[in-house]
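The values are calculated or read from the model by the stated rules, or taken from the named source; none is laboratory data. Everything numeric in this text was worked out from a predicted model, so none of it was measured. As a convention, Cβ positions derive from the backbone with ideal geometry for all residues, glycine included, and neighbour counts pool all protein chains shown. Just so you know, the surface numbers come from the protein's heavy atoms only, side chains and all, with ligands and any DNA or RNA stripped out. Shrake-Rupley method; radii C 1.70, N 1.55, O 1.52, S 1.80 Å.
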Amino acid sequence: VLGVEEPYPDWTGYARLVFAIYLASPEPIELQLRIEDERYSRQSSDRFDETLHIEPGVNRIAIPLADVRRGPQTRVLDMSRIQRVSLRAVRPSVPFSFFLDGFRLDEEMSR
């Protein structure tokens with residue numbers, strides 16, 4: 001698990017989360033991206049989850065924050081109180097290494 005506890009909490013005014021992953025492995029892997037706000041109830045249905053299919057080499061990822069906001073099944077994520085962001089390997093079949101770069105909020109929207 002690679003995680004950021006207490007990232008900059010206010011994601012309002014931004015359009016997407018972007019980053020690059022370089023996978024130093026000959027085989028693709030899957031990573032689970034999880035984003036939680038302060039109200040997260042420890043139920044998997046109460047957070048944003050997305051499985052990222054990562055190919056060997058450079059992968060550029062852009063996650064629309066509108067999708068993140070609609071992540072929980074019974075409410076919307078509070079984009080002004082983001083508390084945790086994590087990447088987790090999903091049942092890797094072989095050991096692997098990856099490098100994360102440029103992890104940022106992007107494209108501030110006009111108000």
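Please report the relative contact order for the chain, taking Cα pairs under 8 Å with a sequence separation of at least 6, and give it as a percent rounded to a whole number. Before the final figure, lay out each step's value.
Working: 251 pairs, mean separation 52.0, N = 111.
Dividing the mean separation by the residue count of the chain yields 47 percent.
Taking H placed 1.01 Å from N in the peptide plane, check which residues at least 5 places from TYR40 or on another chain put their amide H under 5 Å from its amide H.
none
Between SER41 and LEU100, what length in nm is gained on full extension when 0.36 nm per residue of separation is reduced by their alpha carbon distance? Provide the component values of the computation, followed by the final result.
Details: separation 59, 0.36 × 59 = 21.24 nm, distance 2.80 nm.
Between SER41 and LEU100, full extension yields 18.4 nm more.
Work through the residues other than ILE54 whose Cβ is under 15 Å from its Cβ and net out their charges, Lys, Arg +1 and Asp, Glu -1.
Summing Lys/Arg as +1 and Asp/Glu as -1 gives -2.
Could you size up the charge dipole of the chain around its Cα centre, putting +1 on the beta carbon of Lys and Arg and -1 on that of Asp and Glu, and report it in debye to the nearest 20?
260 debye
Stick to Cα atoms and the Kirkwood definition of Rh, then tell me Rg/Rh for the stretch 1-48.
Ratio of gyration radius to Kirkwood radius for the stretch 1-48: 1.01.
Over the chain, average the accessible area per residue using a 1.4 Å probe and give it in Å², no decimals.
Per-residue accessible area for the chain comes out at 61 Å².
For the stretch 16-71, count all C-alpha to C-alpha pairs, find those more than 19 Å apart, and express that count as a whole percent of the total.
So the pairs more than 19 Å apart make up 37 percent of the total in the stretch 16-71.
Using a simple charge model, +1 on the beta-carbon of Lys and Arg, -1 on the beta-carbon of Asp and Glu, nothing else, what dipole does the stretch 69-111 show about its Cα centre, in debye to the nearest 20?
340 debye
Can you give the FRET efficiency for VAL18 and HIS53, using 1/(1 + (r/R0)^6), R0 = 30 Å, r = Cβ-Cβ distance, to the nearest 0.05?
0.95
How compact and how long is the chain, expressed as Rg and Dmax of its alpha-carbon atoms in Å?
Considering the chain through its Cα atoms, Rg and Dmax are 14.3, 46 Å.
If you roll a 1.4 Å probe over the chain with all protein chains in place, what percent of the accessible area is carbon or sulfur?
On the way: 3120 of 6790 Å².
Ligands and nucleic acids excluded, carbon and sulfur reach 46 percent.
Just to confirm the filter: which trypsin sites (Lys or Arg not before Pro) across the stretch 1-106 are DSSP coil and have at most 10 other Cβ within 10 angstrom of their Cβ?
ARG42
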